[in-house]
1. For segment 69-85, just list the computed ³J(HN,Hα) in residue order, Karplus coefficients 6.51, -1.76 and 1.60, θ = phi - 60°, integers in Hz, with x standing in for Gly and Pro.
2. Once you place label points 7 Å from the Cα toward the Cβ at ASP174 and GLN143, how far apart are they in nm?
3. For helix 250-265, what angle does its Cα long axis make with the longest principal axis of the chain, in degrees from 0 to 90 and rounded to 10?
4. Order TYR31, TYR57, most accessible first, counting only protein heavy atoms with a 1.4 angstrom probe.
5. For the chain, which whole-number percentage of the solvent-accessible area (1.4 Å probe, protein heavy atoms only) is attributable to carbon and sulfur atoms?
6. List the trypsin sites (Lys or Arg not before Pro) within segment 1-85 that DSSP assigns to loop and that have no more than 12 neighbouring Cβ atoms inside 10 Å.
7. Taking 7 Å along the Cα-to-C-beta vector as the label spot, tell me the LEU50-ILE288 distance in nanometres, rounded to one decimal.
8. Please give the charge dipole size of the chain, origin at the Cα centre, charges +1 on K and R Cβ atoms and -1 on D and E Cβ atoms. Round to the nearest 20 debye.
Amino acid sequence: MTNPSFPALSLVADSDLAGIGDLDIDDVLTYLHRDLKRLPGYMDLYRRYLRQRWDVYELDFSQDLVHWRERMTQRERDAFVAISAGFHHGERQVEVELPVFMIGGSEESKIYMSSQIEDEARHTVFFDRFYREVVGLPGDSVQEVLDASFAHVSETFVGPFGLLAYQADELRRDPEDAAARVRYGTTYFLWIEGVLALSVMKITLTYCRQRGLLPGYYTGFTATCRDEARHVQFGMRFLRDSVREDPRLLLQIHETLRTILAINSATSRQLELESLGWTPEEVKRLMIRQLRMKLSDVGIAIPPDIQEKIDRIEPELAGG
Ligand SMILES: [Fe+2]
Ligand SMILES: [Fe+2]
């Protein structure tokens, strides 16, 4: 783990797409967590979005295609496709399910949320391009490429995204229901983005960087991770402010975490990630660390039964 100095973090904040290809994922994760302690406001995050927005069509995957065919083994390609498929479908799902969350917020949060919906749409296009141009999946439309990658989606995707779909339906009935908004926010911003997505980013980007592979993917996914910093900071701000306004909402976070961790422990099939250089124990430690950092930085206290469940987290990978 690097210990980035302040210049490294301002490089993360200010790099254009060409410069992002040189960033280290650990610096992007440190950048994300540093701001969790002070949690920027929604309009600050919106301004940051305008500066950091990148063009997904500027990415060049031609070198990635050569690496994919000539420098990666079949096992590495299989693991990479499996772990990315959960992201491909996760991005698409949050892109279409965020508008319901946007309806019930303040004007500032609606303005910010318009930027997150655009980010998630752009991330969907990033994976669409990766699967077409590098992996070589067939399909003329976005839907056809999604259908082709669905065969690679693992069981670990179904639990959290099924729960999110249910919670989005709940919100559709009453978009202003504060308890339903907190349940949705816990699953999406805290677990899917704050734990699962960041873990996948760390695993695949470390693999690419250490072996000098897939520069187009590395650049686009690191830029995606910087977008994720804004999403997680927005989400943690939302959860913190919700509990400050009505302390009873803390119970909604706890109940949702219990459900999420129960789903996690029911997973029967583990992803094979050793070919990417990660043991199940390392993935587990990474996920626990990601969750603990969010909870403690934002000051969300949790009771002992949830602490125990966190200690028993199973590796689970998807994102959005
Ligand atoms: Fe996101
Ligand atoms: Fe995303």
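The values are calculated or read from the model by the stated rules, or taken from the named source; none is laboratory data. All values reported here derive from a predicted model rather than from experimental measurement. Here the Cβ positions follow ideal geometry from the backbone for every residue, glycine too, while neighbour counts run over all protein chains shown. SASA here: full protein model, heavy atoms, side chains in, ligands and nucleic acids out. Shrake-Rupley method; radii C 1.70, N 1.55, O 1.52, S 1.80 Å.
1. With the stated coefficients, segment 69-85 comes to 7, 10, 10, 10, 7, 4, 5, 5, 5, 4, 5, 5, 5, 5, 6, 6, 4 Hz.
2. 3.4
3. 40
4. Details: TYR31 5, TYR57 160 Å².
If we order TYR31, TYR57 from most to least accessible, we get TYR57, TYR31.
5. On the way: 6750 of 13140 Å².
Solvent-exposed carbon and sulfur of the chain make up 51 percent of the total.
6. Here the trypsin sites (Lys or Arg not before Pro) that fit, given the DSSP loop and packing criteria, are ARG38, ARG71.
7. In this crude label model, LEU50 to ILE288 measures out at 4.4 nm.
8. The calculated dipole for the chain is roughly 760 debye.
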